[in-house]
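The values are calculated or read from the model by the stated rules, or taken from the named source; none is laboratory data. Here the structure is a predicted model, which means the values were calculated and not measured. Quick reminder, even Gly has a Cβ in these numbers, built from the backbone with ideal geometry, and neighbours come from all protein chains shown.
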């Protein structure tokens, strides 16, 4: 393992301190329990709180700020945060209109947020994101995983909350977006959890992992490495198939997010975008909004995910609204 | 059982987990995400750090405090699950006026049930429960029959090993390995392994004291 590292025990604290200092105009970090809030706390709106294991930066702390999250709770690397973090964050940002948790659908995150919700003295609701179509939602699984589509949910629900919408409306929008969003990822290399010091999985130069999760958990199958267009075609086919399985319209405007998993350069991400946009267009989906970059990462994994969100006027409006966070900013 | 025996058991569990780092990590890398050992170790160290605070407490309060500490330290799925176990065990002991082997077996079973409720999981899903459920039922059955401690610990060590082995040919339907489908078959579950290590350590401790 070769990483910029002092003591692995202090890695998260040092990184979060750097993050908060670099963006001291926007955010503040608290430790023990650890959470990040906006510098200017919002008044009289539903408090939108997310959280999850670290190692997916900029998710979630990078999305704290005007127009998006009120607070984020970073856990240890790839490990859900704990209920005391969520309770302290809720206490800090609750503005009289209730608390909405946005939680990626993993057993650990679900259980920790659930226990926090049971102890929360405020009105609350939870949106679970499960956009990953790599995991087929059969009787064999706990359900689909929440991956890059979570950014779209956080952006749009954050926007709606700024308008003064109530808790139920925020939850409804979040669930609608999750339903209209599908993602699939591919890994070319493993990631290395710093405290483990070794790659999470073995993969040769001639292989790829189709449907990889954002923690390096294996996906649908191990496949032979091939040219980019062929890989992207399979990813797009999986998304289109998932749209069909969700009984979504077979055409319409989409938001296309091509997300890097940590060690894939933008040059390759734009190449993926180029093919994905063309193939989706051919299948009847016109790309109306785009986002390309590292938004939900898996530490140092080489790989990428493709996310398509079927837009409607409501979602488009909330995607376009002003946002000012460390990792996402437009119109303000 | 009192807080002193609880501290001894916690220390035995901690050394056993540290000694099995390689096995547990290897299993988690195969079908998990490689963080299970680190999380369990962090939990063990957190309990070691509150040893002095646990010492003056009753067994019931000590177990509850352990649960709360694990809840705020481990994170992931293991945090709420282990926390639920100790809090469930504490609640069950609180309801009983006496302390004997059967009461302890019932408390263990209550702890396992608390895990099942929190994780919405059953036996046969390739998780820690495939070790814990057979251990709980065997423990209660043997305690019910009034078997001596040495018989109980010997038998539980066998049952825990069998429970672990049973996860090898299961499909994972809960937890991170659940996305793997048939690829998880042939691998032991890391959570079941760490539970086996812990139970074995406590059995060894108890049998060394009862000799």
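Among the listed residues A:184, A:203, A:177, identify the single one that is surrounded by 18 or more Cβ atoms within 10 Å (Cβ to Cβ) and free of Cβ contacts under 8 Å to residues at least 24 places away in the same chain. Lay out the reasoning, then the answer.
Numbers: A:184 fails: free of Cβ contacts under 8 Å to residues at least 24 places away in the same chain; A:177 fails: free of Cβ contacts under 8 Å to residues at least 24 places away in the same chain.
On inspection, the qualifying residue turns out to be A:203.
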### Query
Out of curiosity, is residue A:96 free of Cβ contacts under 8 Å to residues at least 60 places away in the same chain and either under 15 Å from the mean Cα position of the chain (by Cα) or more than 10 Å from chain B (Cβ to nearest Cβ) (or both)?
yes
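Taking residue B:151 as the residue in question, decide whether it is part of a helix (DSSP H, G or I) and surrounded by fewer than 17 Cβ atoms within 10 Å (Cβ to Cβ).
yes
Looking at this structure, is residue B:75 closer than 24 Å to residue A:107 by Cα, at the interface with chain A (Cβ under 9 Å from one of its Cβ atoms) and either in contact with a strand residue (DSSP E or B) (Cβ under 7 Å, 6 or more places away or on another chain) or in contact (Cβ under 8 Å) with a residue 24 or more places away in the chain (or both)?
Numbers: closer than 24 Å to residue A:107 by Cα: yes; at the interface with chain A (Cβ under 9 Å from one of its Cβ atoms): yes; either in contact with a strand residue (DSSP E or B) (Cβ under 7 Å, 6 or more places away or on another chain) or in contact (Cβ under 8 Å) with a residue 24 or more places away in the chain (or both): yes.
Yes.
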### Task
Please go through the range A:9-31 and pick out each residue that is in contact with a strand residue (DSSP E or B) (Cβ under 6 Å, 6 or more places away or on another chain) and either buried (at least 18 other Cβ atoms within 10 Å of the Cβ) or not assigned by TED's automatic domain parsing to the domain that holds residue A:65 (or both).
A:12, A:16, A:20, A:27, A:29
## Note on the structure
Selection from the range B:78-120 of residues touching a helix residue (DSSP H, G or I) at 6+ places or on another chain (Cβ under 7 Å) and facing chain A (nearest Cβ under 9 Å) yields B:78, B:79, B:80, B:81, B:83, B:84, B:118, B:119
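Among B:205, B:156, B:142, which is under 20 Å from residue B:10 (Cα atoms), over 13 Å from the mean Cα position of the chain (by Cα) and modelled with pLDDT of 95 or more?
Details: B:156 fails: over 13 Å from the mean Cα position of the chain (by Cα); B:142 fails: under 20 Å from residue B:10 (Cα atoms).
Result: B:205 is the single residue among B:205, B:156, B:142 that is under 20 Å from residue B:10 (Cα atoms), over 13 Å from the mean Cα position of the chain (by Cα) and modelled with pLDDT of 95 or more.
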### Query
Using beta carbons and a limit of 8 Å, which pairs, at least six apart or on different chains, have the first residue in the range A:61-75 and farther than 10 Å from residue A:26 by Cβ and the second one assigned to a loop (DSSP other than H, G, I, E, B) and at pLDDT below 95?
A:67/A:332; A:75/B:75; A:75/B:76
### Message
Name the residue that is farthest from the chain's Cα centre (by Cα), counting only residues in the range B:6-56 that are under 23 Å from residue B:107 (Cα atoms) and without any contact (Cβ under 8 Å) to a residue 24 or more places away in the chain.
### Response
B:53
